[in-house]
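Below is one structure; the comments refer to it alone.
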Amino acid sequence: MKIIGVEKFGGPEAMAVMDVPEPHAGPGEVRIRVKAAAVNPTDTVLRSGLQGKGHVEVPAIPGMDAAGIIDEANDARGWQVGDAVMTMALPLGVHRGAYTEYLVAPADSLAHIPEGTDFADASTLPMNGLTAVQTLEKLNLQPGQSLAVTGAAGTLGGYLVQLAKQAGLVVVADAAEKDRALVAGLGPDYMVSRGDDAAEHIREFFPDGVDAVADAAVMNEKAVPAVKDGGGFATFRWWQEDPGRGITVHPIAVRDEYHSGQKLDALRRLVEDGILTLRVADRLPANDAAEAHRRLEAGGVRGRLVLLF
């Protein structure tokens, strides 16, 4: 089968089309004929060799989001050959990443793709959607409490804003001038200019600070001043500083959601109900994965680039 793999870590040119033996579904698993795989920043981290050093099977296969059609089902709890599904993949796990023609996945990691979407649309939801769900679970805010989201124009940030509003939170989101219309469409209660001084602008609306920050822009020490004393701070790249003031730092690890098919199915329903918005920036042939990585790393991409198999 075809994969897009990495044997020697490096820049986008390190990725190459390769042929490897097909995997097959074991008990409690399905095999998915992948139709679409979203391209995420974490894929570029794996490709460059900065993730899981010394523990990556070569060729490494990037990709944490896949959508496709089940073509093998092995005692897979109700899933059938022909079902159109989406799932999160773990590049450092036994079945590796999503840049592949065939992906084996546990039955409890799956959800049907949302009605009215195609495979490319659906592939943008699993990893970032489950990251947003875990973030809100860990922050454990109650309706009426306040959440600031940095990087709100990005895929994760957008899901965070929409899910937080659906949960009854008061949301403040950052946005660059060129992204203001996009972010406003997500429905935040307040908007501030994106930049190193975003925390100061958040404090203009919340003088004592917000109850929590979800730092999707990975601003770390530049974002934490927006949090009130005793509040929460969700970090997505393992920031380990102690911010003081009784603030609790919550590291978010989406790999812990690998078997969260029920949560993914709940996200599916939110898409179908119009609460969550899926955004595809562009669709590219899988063979153009290097170009997709170049475009992502150049910045400014809104929505996900998606590889089609």
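The values are calculated or read from the model by the stated rules, or taken from the named source; none is laboratory data. Keep in mind it's a predicted model, so treat the numbers as computed, not measured. So basically every Cβ, Gly included, is an ideal-geometry build from the backbone, and we count neighbours across all protein chains shown. Quick note on the areas: whole protein, heavy atoms, side chains included, nothing else; ligands and nucleic acids left out. Shrake-Rupley method; radii C 1.70, N 1.55, O 1.52, S 1.80 Å.
Only residues that are among the aliphatic types (A, V, I, L, M), open to solvent by 50 Å² or more (accessible area, probe 1.4 Å) and closer than 27 Å to L136 by Cβ were counted in region 268-309, giving 1. Within region 116-147, being in contact with a Phe, Trp or Tyr (Cβ under 7 Å, 6 or more places away or on another chain) and either among the aromatic types (F, W, Y) or over 20 Å from I252 (Cα atoms) (or both) holds for no residue. A Cβ distance below 8 Å, combined with a sequence gap of six or more or placement on separate chains, defines the contacts here; from region 16-32, residues that are under 10 Å from A76 (Cα atoms) and touching a residue at least 40 places away in the same chain (Cβ under 8 Å) reach residues that are buried (at least 16 other Cβ atoms within 10 Å of the Cβ) and among the basic types (K, R) in the pairs A25/R31. With respect to the conditions (1) more than 18 Å from P251 (Cβ to Cβ); (2) in contact (Cβ under 8 Å) with a residue 24 or more places away in the chain, V224 lacks only one, and its number is (1). With the requirement that a residue be outside any loop (DSSP other than H, G, I, E, B) and closer than 20 Å to E7 by Cβ, what does region 44-75 give you? T44, V45, L46, R47, S48, A60, listed by residue number.
For (1) surrounded by fewer than 22 Cβ atoms within 10 Å (Cβ to Cβ); (2) outside any loop (DSSP other than H, G, I, E, B); (3) acidic (D, E); (4) out of contact with any Lys or Arg (no Cβ under 9 Å at 6 or more places or on another chain), each residue gets a yes or a no:
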residue: A98; (1), (2), (3), (4): no, no, no, yes
residue: D108; (1), (2), (3), (4): yes, yes, yes, no
residue: A111; (1), (2), (3), (4): no, yes, no, no
residue: E115; (1), (2), (3), (4): yes, no, yes, no
residue: A122; (1), (2), (3), (4): no, yes, no, no
residue: G129; (1), (2), (3), (4): no, yes, no, no
residue: A132; (1), (2), (3), (4): no, yes, no, yes
residue: T135; (1), (2), (3), (4): no, yes, no, yes
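Does V161 fit the bill of being hydrophobic (A, V, I, L, M, F, W, C) and in contact (Cβ under 8 Å) with a residue 12 or more places away in the chain? For V161, the condition - hydrophobic (A, V, I, L, M, F, W, C) and in contact (Cβ under 8 Å) with a residue 12 or more places away in the chain - is met.
Each residue in region 92-142 was checked for being under 17 Å from the mean Cα position of the chain (by Cα), more than 27 Å from P23 (Cβ to Cβ) and not small (G, A, S), and 6 of them qualify. Pairs linking a residue in region 65-80 that is at pLDDT below 95 to a residue that is open to solvent by less than 50 Å² (accessible area, probe 1.4 Å), with Cβ atoms under 8 Å and 6 or more positions apart or on different chains, are R77/G28; R77/A107; R77/D108; G78/A107. Among all residues of region 265-272, there is at least one that is under 21 Å from the mean Cα position of the chain (by Cα), small (G, A, S), closer than 27 Å to G144 by Cβ and not in a loop (DSSP other than H, G, I, E, B).
For region 165-200, the set of residues classified as open to solvent by 50 Å² or more (accessible area, probe 1.4 Å) and part of a strand (DSSP E or B) consists of Y190, S193, listed by residue number.
Checking the stated criteria, D265 turns out not to satisfy the condition of being open to solvent by 70 Å² or more (accessible area, probe 1.4 Å), modelled with pLDDT of 95 or more and over 20 Å from G154 (Cβ atoms).
Any idea which of V39, V56 is surrounded by fewer than 18 Cβ atoms within 10 Å (Cβ to Cβ) and within 25 Å of the chain's Cα centre (by Cα)?
The conditions single out V56.
Taken over region 231-262, the residue count meeting the criterion of being open to solvent by 30 Å² or more (accessible area, probe 1.4 Å) and either farther than 30 Å from V94 by Cβ or of a type in the set (S, T, N, Q) (or both) is 9. Those residues that are of a type outside the set (A, V, I, L, M, F, W, C) and open to solvent by less than 70 Å² (accessible area, probe 1.4 Å), I need them from region 204-230; list them, please. Answer for region 204-230, where residues must be of a type outside the set (A, V, I, L, M, F, W, C) and open to solvent by less than 70 Å² (accessible area, probe 1.4 Å): G209, D211, D215, N220, P225, K228, G230. Taking the criterion of being open to solvent by 50 Å² or more (accessible area, probe 1.4 Å) and without any contact (Cβ under 8 Å) to a residue 40 or more places away in the chain, the only residue of region 83-96 that qualifies is V94.
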